[in-house]
1. For the subset of region 20-68 comprising residues that are among the acidic types (Asp, Glu) and in a loop (DSSP other than H, G, I, E, B), which member is surrounded by the fewest Cβ atoms within 10 Å (Cβ to Cβ)?
2. Checking the structure you have, find out if any residue of region 353-363 is at pLDDT below 95, within 28 Å of Pro252 (Cα to Cα) and out of contact with any helix residue (DSSP H, G or I) (no Cβ under 8 Å at 6 or more places or on another chain).
3. Would a scan of region 340-351 turn up a residue that is part of a helix (DSSP H, G or I), touching a residue at least 12 places away in the same chain (Cβ under 8 Å) and acidic (Asp, Glu)?
4. Go through region 244-259 and give me each residue that's surrounded by fewer than 22 Cβ atoms within 10 Å (Cβ to Cβ) and over 22 Å from Ser214 (Cβ atoms).
5. Find the strands (runs of 3 or more DSSP E) located wholly in region 160-268 whose residues include 1 or more that are of a type in the set (Gly, Ala, Ser) and in contact (Cβ under 8 Å) with a residue 12 or more places away in the chain, and list them.
6. In region 69-96, how many residues are part of a helix (DSSP H, G or I) and surrounded by 15 or more Cβ atoms within 10 Å (Cβ to Cβ)?
7. Can you give me the number of residues within region 349-369 that are surrounded by 12 or more Cβ atoms within 10 Å (Cβ to Cβ) and closer than 18 Å to Val300 by Cα?
Amino acid sequence: MHAVVIGAGFVGLSAAWELTRRGVGVTVLEADGEIGGLAGSFPVGGTRLEKFYHHWFTSDTHVTDLVRELGREDQVLYRPTRTGMYFARSRFRLSSPTDLLRFTPLGPVDRIRLGWLALRARRVHDWRPLESMTAEEWLIRLGGREVFRVVWQPLLEGKFGEFASEISAVWFWNKLKLRGGSRGKGGAEMLAYYRGGFAALAEEMAGAIRASGSRIQLNTPATGLRVHQGKVTGVRTAAGITILADAVVATPALPIVASMLEPHLPADYVAGLRRVQYLANLCVVLELDRSLSDTYWLNVNDPGFPFVGVIEHTNFEPAETYAGRHLVYLSKYLPESAELYRMADAEAVAFCVHHLQRMFPEFSRDWIMAAHVWRARYAQPIVVRGYGALIPPVQTPIAGLYLSTMAQVYPEDRGTNYAIREGRKVGRQVADELTDLTSPRPPASPADIPSPATG
């Protein structure tokens, strides 16, 4: 039995790992020159750092289960973090209930409403009634219009832009539940990180896959499928090679998969895959010779700034890990057509640094030791009201072809923890179905064999 997995992000690696554990040989095809997908990395200070900021929550059980099964629990680091908000030209700490009570942009009553909103969101166990509501409608209902205007509206508009008013209440509920579930008894948030970064975890998985005799081929884009009598039989690569397969798991973004399926399936099915829209992401990573602040995650609640968050990674994983460099992410979700996304790297850095100086007047360009710009075309599915109806099933109309993409993670939002969950799930499904196809059938009993008289 042999399966091809398209994509070596965490969904693809998890699917391949699960398949190999169940005796299925696998070839993983990755278009990029490294594994990890959105958790891909680059060298900084003698180690590696994610191109796009990553951490996991203490409630992320799927990633912790995987780490335990790999025998690498000693590589997980748990640390408290400080969060905050930039609003009306001021920075506010929001790491604990006490910080919330001191949040002066809201009046005393609205501060209580904000805290109560978070508690009420965590008590929602059935998300299905939220499917027909927008995040705006739900948040106003729970916390009132002023809390929405100050706290939530800038975050929604900063991340989703023109789509903000249509974002599903389910998406926002999950964000509140996830962050709330990672807080300790005192209300402080505790996050986890893998020693050496998520790239190190991806390499551990890749090593286990290769040790089983399976392959991971980098710089090998999948460009099409070989289908015979309604069943997938192989994957074509950009080099013109066809890799034969008994099953195929496709993990790239749905528009990419749609182009591969177009020659083989009805137009309405392919159009359905393209109904899910995505935002791109531009992430500027600065290496500084000193710290900006003592805050790890600073939400930017000001539409006049080009990024929605300032994430100072070295207030989570210490600067000593990176030879003393202080690392800052400036992240912006935006349409592929946006001017900022299309800027040259140097221009994008200068544009973002100008705005960073507005937030931190003491910040000087002389602090910058190096700057990096990373782009991802398919970074965030746009989770609109009624999104569940847009999600395609894992099993496609082509026998042996399975879809497992970040757009199918629901009601949760995409993330490494859920990528691992979905990858392992589809890996088990494919392995079970391949086993059923290849298992010998038991001989028929005499009662099952028709007699000549009754034939």
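The values are calculated or read from the model by the stated rules, or taken from the named source; none is laboratory data. These numbers come from a predicted model, not from an experiment. Note that we place each Cβ from the backbone using ideal geometry, even for glycine, and neighbour counts take in every protein chain shown.
1. Start the filter on region 20-68 by keeping residues that are among the acidic types (Asp, Glu), which leaves 30, 32, 34, 50, 60, 65.
Remaining after also requiring in a loop (DSSP other than H, G, I, E, B): 30, 32, 34, 60.
Working: Glu30: 24, Asp32: 15, Glu34: 17, Asp60: 21.
In this case the residue turns out to be Asp32.
2. No, there is no match, as no residue in region 353-363 is at pLDDT below 95, within 28 Å of Pro252 (Cα to Cα) and out of contact with any helix residue (DSSP H, G or I) (no Cβ under 8 Å at 6 or more places or on another chain).
3. yes
4. The answer is Ala253, Pro255, Ile256, Ala258, Ser259.
5. So the answer is 189-194, 222-228, 231-237, 247-250.
6. First, pick out the residues of region 69-96 that are part of a helix (DSSP H, G or I): 69, 73-75.
Then keep just the ones that are surrounded by 15 or more Cβ atoms within 10 Å (Cβ to Cβ); that gives 75.
Number of matching residues: 1.
7. Residues flagged as surrounded by 12 or more Cβ atoms within 10 Å (Cβ to Cβ) and closer than 18 Å to Val300 by Cα within region 349-369 amount to 11.
Results for (1) modelled with pLDDT of 95 or more; (2) in the same structural domain as Ala319 (by TED's automatic domain parsing); (3) over 19 Å from Thr416 (Cβ atoms); (4) more than 22 Å from the chain's Cα centre (by Cα), shown as yes or no for each residue.
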position: Arg179; (1), (2), (3), (4): no, no, no, no
position: Arg183; (1), (2), (3), (4): no, no, yes, no
position: Glu204; (1), (2), (3), (4): yes, no, no, no
position: Ala208; (1), (2), (3), (4): yes, no, no, yes
position: Ala222; (1), (2), (3), (4): yes, no, yes, no
position: His228; (1), (2), (3), (4): yes, no, yes, yes
position: Gly234; (1), (2), (3), (4): yes, no, yes, yes
position: Ala239; (1), (2), (3), (4): yes, no, yes, yes
position: Thr242; (1), (2), (3), (4): yes, no, yes, yes
